[in-house]
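One structure is given below, encoded as structure tokens.
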Amino acid sequence: MGIVIVDSDRCKACGYCVKFCPKGVLGAKGVTNRLGYRYVEPVEPDKCIACAICATMCPEGAIEVYKED
Ligand code: SF4
Ligand code: SF4
């Protein structure tokens, strides 16, 4: 199982992480950050498998992924 953390203030809502996450972990709830973007957050955090695809895809470096023992 993985732990995914999104820095909401760095997210520019491009949607790449949402599109490429194989488990549907990430999504936007429509809340805007200080830059005015509807940032992404883990909406199904328990499904994360720590593959780190989201972090690799994010052009803003806004995502960190940790593997849980
Ligand atoms: S690490 Fe993988 S499973 Fe977890 S949120 Fe990112 S893309 Fe989805
Ligand atoms: S890839 Fe990065 S910038 Fe794009 S929506 Fe996801 S967290 Fe936000």
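The values are calculated or read from the model by the stated rules, or taken from the named source; none is laboratory data. These figures come from a predicted structure and were not determined experimentally. Because the Cβ atoms are built from the backbone with ideal geometry, glycine has one as well, and the counts that use them run over all protein chains shown.
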(request) Within the range 17-40, track down each residue that is among the aliphatic types (A, V, I, L, M) and either assigned to a strand (DSSP E or B) or within 7 Å of ligand 1 (Cβ to nearest atom) (or both). (result) 25, 26, 28, 31, 40
(request) Output the residues belonging to the range 41-69 that are in a strand (DSSP E or B) and within 10 Å of ligand 1 (Cβ to nearest atom). (result) 42, 63, 64, 65, 66, 67
(message) Out of the residues in the range 13-41 meeting the condition of being loosely packed, with under 12 Cβ neighbours inside 10 Å and charged (D, E, K, R), tell me which one is nearest to ligand 2 (Cβ to nearest atom).
(response) 19
(message) Quick check on this structure: which one of 60, 68, 64, 44 is modelled with pLDDT under 95 and either loosely packed, with under 15 Cβ neighbours inside 10 Å or not aromatic (Phe, Trp, Tyr) (or both)?
(response) 68
